[in-house]
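Asks: Would you mind keeping the following structure in view while I ask a few things?
The values are calculated or read from the model by the stated rules, or taken from the named source; none is laboratory data. Just so you know, these numbers come straight off a predicted model, no measurement behind them. No Cβ is skipped: glycine too gets one built from the backbone with ideal geometry, and neighbour counts run over all protein chains shown.
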Amino acid sequence: MSYCCTPGSAVYRGVPDEAAMSGRPKVPWALTEMERKDLVALTLRRKTSQALVRRVRIVLAGADGLGNKVVAERRRVTPQMVGKRRGRFVQPRLEGLLDAPRSGAPRTIDVRASMP
């Protein structure tokens, strides 16, 4: 038998070891009741962008205790996107779901001023 693990590890011996099989530890998605209500309200609003609704649904699914791969399958996104949403949501919370400012030079033409 050839495994990528060292001969002394539990995985090499064929015994599943939770620490060896789990990968990097994930930060929990813990939501307060108020945050959950706000997120659900965002998904129900007609004016919310579809990109934001997708992000919110990923966070809600993760907060229900599902793993990244399961959330990715159910939301039809990649596991990397779920991990990115987890990382961006954990620190700034709800503000982390919003679009970040675009890189590059700032706008020089005011859209409202150019419209008749």
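Asks: Give me a count of the residues in region 75-111 that are under 20 Å from residue 32 (Cα atoms), among the charged types (D, E, K, R) and without any contact (Cβ under 8 Å) to a residue 40 or more places away in the chain.
Replies: Matching residues across region 75-111 total 3.
Asks: Could you grab me the full set of residues in region 79-99 that are over 14 Å from residue 51 (Cα atoms), surrounded by 13 or more Cβ atoms within 10 Å (Cβ to Cβ) and either at pLDDT 90 or above or of a type in the set (Gly, Ala, Ser) (or both)?
Replies: Within region 79-99, 79, 83 qualify.
Asks: Could you list all residues from region 1-44 that are surrounded by fewer than 10 Cβ atoms within 10 Å (Cβ to Cβ), closer than 20 Å to residue 93 by Cβ and either at pLDDT below 50 or more than 15 Å from the chain's Cα centre (by Cα) (or both)?
Replies: 32, 33, 34, 44
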